[in-house]
Amino acid sequence: MKIKTLKNSLFIACFLGMSFVSFGQSNNFLSRSELIKKAIDKSYLIANTNAEINKTRIDRYKTYQSYLPNISINSSYTRLNDDISMTLPTLKIPVSLPGLPPGFALEPSIPPIVLQNKNIFKTDVSASMLLFSGLKVPLLSKAAYHKELAEGYMIEKEEIDIMLEITDYYDRLALLDQSLIVLNDSKIRLDEETAFAEKAYKVGLISAYDLSKIEIVKQELKAKQIDIDSKRKMIISKLNQMTDISKEELENIHPSLEIWNIDISNTQVESRTELKSLKEAIYATDYSKKADLTSYMPNVFAFSKKELYTKDLSALDPEWYVGVGLRWNILDGGQNYRNMQKTKLDLSIAQNNYHNTLSLLQLNMEKSQYELEEMNQLINVASEKKNIAIKGLKISIKQYELGLSNITERLAAETDYQNACLEYIQSIYQQRIACTKFLEANGSLTIDKIN
C-alpha cells in the first residue's frame, strides 16, 4: 500500500511538472542574446567581410584623391656625342685704308656658338593636377559607396545566420534537459516498480521473465540518457568554438523550452537583407555604367615644372613653366565600348539576381508560414496525446496493482507516456525553429526578438 501511495504521488508530481522546468536549477546562466553577441564578436567571417568593406571604402577615397596634385622630382644625366653648336657664316668686312689694294676685305674667324653642352645633367620638380574628369570621379565614387552598402547588408545576413545557429543550439540544450527530466521521472517509477515486482516474484505472483522485462526497459532508459549526455557535450563544444566561452560556464546553461508566440501577419520580404544588398549592387553597377560613358568626355588638367639645376640648360630650355591642358580620347581602339558592353551585361545580371531572389524569398515566406501553422497545430496534437498518455498510465498503474493487467501492459503504458512527453517537447522545439525561420523569412529577426 505504501508503494502504491508513493507511485500515485510520483504520478501527481510528474503531471504537475509537465511544464518541463528543471527542478532546483538556477536561472543565473548565459542567455541566448548573450551567446549571440559573443559569437558575432568572434566571427572570423564577419571580420573578413568588414575588411572587404574597408577595402571598398579605401577605393572610394582613392577616386576623389584623383583631384590631388601629383608632384615629383626628376633627375637625369645625358651625354651627347658632341656639343650642339651653331656655326656662323664667314663675314667679309671691306676695309679702305691707305696702302691696301682696292676691294680688300677682312674675314674674321668666328668660333661656333655652343647651344647645348654634350654633358647634360638636369634636376627638376614637376606637378600635375586633374581639374575635370568628365564626371568619371564622382560617378565611380558613388559606385564604390553603393558597393560598400551592399557588403554592409551582407554582414547583417551573416549575423542573422549566427542568430539562427545559436538559437537552435540553445533550444537543443533545453530539449535535451527537459527530455532528461522525462526519462528520470520514468526511471523513478520503474525503480519503484522493480521493488514492487521483486516482492511479487518472491511470492510467486510473477515470473523471472516478467521481472527481466523491467530491467530491459531500464537499460533502454539508460541508453537514452547516455545519448542525451553525449549530444549535450557536443553542443557545449560547438558553442565553445563559436563564442570562446569556457565549457564550464556553458555547462551551467539549463534553459526552459516554451512555446513561442509571434505575429504571423507580416508576410512581406522587402526588408530582407539579401534584397537590400542586391539593390545596392544594382545601384553600384548602374553608376559604373555611367562612369564608362564619361570616357568620351575631355579631361582638363593643370601642369607645371621648375628646373632646380640650371647650369646645363640649353638656350632653348625654360627654367620654369605652368599651363593648363585638355586631353580628349577620340579613339581608343574600341576598348571603352567593350567595357560599356560588359557593364551593361553586369547590370542586367544584377537585376536578374534581384528578381530571382525576390521570387525565391516570397516562396520561402509562404513555406515558412505554412510550416509555422503546421507546428502550432502539431503542438496541440502532441499535447492531446500527452494528456491521453497520462490517463492511460494512471489506469495502467491501478490495473497492474490490482492484478488486472500484466507487466507487459504496464511497461507499454510507461513507454507510451514517455514517448508522448518526448514528442510534446520535440513539438515545442520544432515550433520554435519554425518561428525563427518565419522571422528570418520576413526580415524581422533581431536579437531583441529572440525569445
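Things worth noting here:
- Residue that is surrounded by the fewest Cβ atoms within 10 Å (Cβ to Cβ) [pool: residues in segment 166-210 that are assigned to a loop (DSSP other than H, G, I, E, B) and β-branched (V, I, T)]: V203
- Cβ pairs under 7 Å, 6+ apart, first in segment 306-333 and touching a residue at least 60 places away in the same chain (Cβ under 8 Å) and surrounded by 10 or more Cβ atoms within 10 Å (Cβ to Cβ), second of a type in the set (S, T, Y) and part of a strand (DSSP E or B): L308/T123; Y309/T123
- Residue match in segment 13-33 (condition: modelled with pLDDT of 90 or more and either part of a helix (DSSP H, G or I) or within 25 Å of A143 (Cβ to Cβ) (or both)): yes
- Test for S405: is it at pLDDT 95 or above and not aromatic (F, W, Y): no
- Residue list for segment 246-295, restricted to those being outside any helix (DSSP H, G or I) and over 30 Å from Y169 (Cα atoms): none
- Within segment 207-218, residues that are in contact (Cβ under 8 Å) with a residue 12 or more places away in the chain have Cβ atoms under 8 Å from residues that are part of a loop (DSSP other than H, G, I, E, B) and surrounded by 12 or more Cβ atoms within 10 Å (Cβ to Cβ) in these pairs: D210/N406, counting only partners at least 6 apart in sequence or on another chain.
- A127 satisfies every condition listed in (1) within 30 Å of Q431 (Cβ to Cβ); (2) among the small types (G, A, S); (3) surrounded by 14 or more Cβ atoms within 10 Å (Cβ to Cβ); (4) out of contact with any helix residue (DSSP H, G or I) (no Cβ under 9 Å at 6 or more places or on another chain) except (1).
- Residue pairs whose Cβ atoms lie under 8 Å apart, sitting 6 or more positions apart in sequence or on different chains, and linking a residue in segment 375-390 that is within 10 Å of S427 (Cα to Cα) to a partner that is not in a helix (DSSP H, G or I), are I379/I259.
- Search result, residues across segment 416-451 that are buried (at least 16 other Cβ atoms within 10 Å of the Cβ) and either hydroxyl-bearing (S, T, Y) or free of Cβ contacts under 8 Å to residues at least 40 places away in the same chain (or both): D416, Y417, A420, Y424, S427, Y429, T436
- Restricting L372, L361 to those that are over 30 Å from S85 (Cβ atoms), at pLDDT 95 or above, surrounded by 15 or more Cβ atoms within 10 Å (Cβ to Cβ) and in contact with a Cys (Cβ under 8 Å, 6 or more places away or on another chain) reduces the list to L372.
- The residues of segment 248-288 that are of a type in the set (S, T, Y) and touching a residue at least 24 places away in the same chain (Cβ under 8 Å), listed by number, are S256, T267, S271, T273, S277, Y283, T285, Y287, S288.
- Single residue of K218, K199, K187 found to be at pLDDT 90 or above and more than 24 Å from I253 (Cα to Cα): K218
- Leading residue by the ranking (farthest from the chain's Cα centre (by Cα)) among those in segment 314-362 that are among the aliphatic types (A, V, I, L, M) and not in a helix (DSSP H, G or I): A315
- Close pairs from segment 123-148: first within 21 Å of N54 (Cβ to Cβ), partner part of a helix (DSSP H, G or I) and among the aliphatic types (A, V, I, L, M), Cβ under 7 Å, at least 6 apart: L140/A291; A143/A284; A143/A291; H146/A284; K147/A284; E148/I53
The values are calculated or read from the model by the stated rules, or taken from the named source; none is laboratory data. Quick caveat: nothing in here was measured; it's all calculated off a predicted structure. Using ideal geometry, Cβ is built from the backbone for each residue, glycine included, and neighbour counts are taken over all protein chains shown.
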